[in-house]
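Visitor: If you scroll down you'll find the structure; I have some questions about it.
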Amino acid sequence: MSVVKNVSKKRKVPKKGERPPVVTNEITQRLNEFIVNEMKGTDVKLVIQKKLYKSDTLKTQNRLNMPFNQLEKNKFLTEDERQIVVSDVPKENNIEVSLLGPTLEMYKLKMELTMWPMISTYNYVLKTNWYQF
């Protein structure tokens, strides 16, 4: 007779203000070099590096949630952009953005960046066409 224990993997939740170390690899280096050398980008900032959870990949959700407490850099928007996303007027608090994928090509469909108030914090959210990306 064999006994099988039901062992559930517990997700390690970082303590408040604690972030996992930033992963640097060939893909992140290629993205950075492409932005600087090919796109002539300046002031490149890592905003967030996060594990994607089921809610980030569901077609019915169609959004990428970026909690403030997981952001590497909170000040990545201009003051004008920040004023738009904090607006209380629905449909007017979105900024249209483009995404550069890991293949170093701009994704053809635009997305919207907005901010959602949560119970104890705020989240930036990429929505509209996220699932297709």
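We did not get these values from a lab; they are worked out from the coordinates using the rules stated. Remember, predicted model here, so these are calculated numbers, not experimental data. Cβ coordinates were reconstructed from backbone atoms using ideal geometry, including for glycine residues, and neighbour counts include every protein chain displayed.
Visitor: Multiplying the sequence separation of LYS75 and LYS51 by 0.36 nm and subtracting their Cα-Cα distance, what value in nm do you get?
Guide: Full-extension gain reported as 6.5 nm.
Visitor: Could you work out how far apart the two model spin labels at ASN25 and SER98 are, taking each label as a point 7 Å from the Cα in the direction of the beta carbon, and quote it in nm?
Guide: So the two model labels end up 2.7 nm from each other.
Visitor: Let me ask another. Find the centroid of the Cα atoms in region 30-103 and in region 115-133, then give the distance between the two in whole Å.
Guide: Measuring centre to centre over Cα atoms gives 10 Å.
Visitor: Also, I was wondering about something else. What are the residues whose amide H is under 5 Å from the amide H of GLU72, where those residues sit 5 or more places off or on another chain and H is modelled from the backbone?
Guide: Under 5 Å from the amide H of GLU72 lie the amide H atoms of ILE48, GLN49, each far enough along the sequence or on another chain.
Visitor: Now, a different point. Using the beta-carbon distance between ASP88 and LEU109 and R0 = 35 Å, what value does 1/(1 + (r/R0)^6) give for FRET efficiency, to the nearest 0.05?
Guide: 0.80
Visitor: Also, quick follow-up: Trypsin sites (Lys or Arg not before Pro), restricted to region 24-95: which are DSSP loop and have at most 16 other Cβ atoms within 10 Å?
Guide: For trypsin sites (Lys or Arg not before Pro) across region 24-95 that sit outside H, G, I, E and B with at most 16 neighbouring Cβ atoms in 10 Å, the list reads LYS40, LYS45, LYS50, LYS51, LYS59, LYS73, LYS75, LYS91.
Visitor: Here is a follow-up. Within region 26-127, how many lysine pairs that are 8 or more places apart, or on different chains, have C-alpha atoms less than 15 Å apart?
Guide: Within region 26-127, the lysine pair count is 7.
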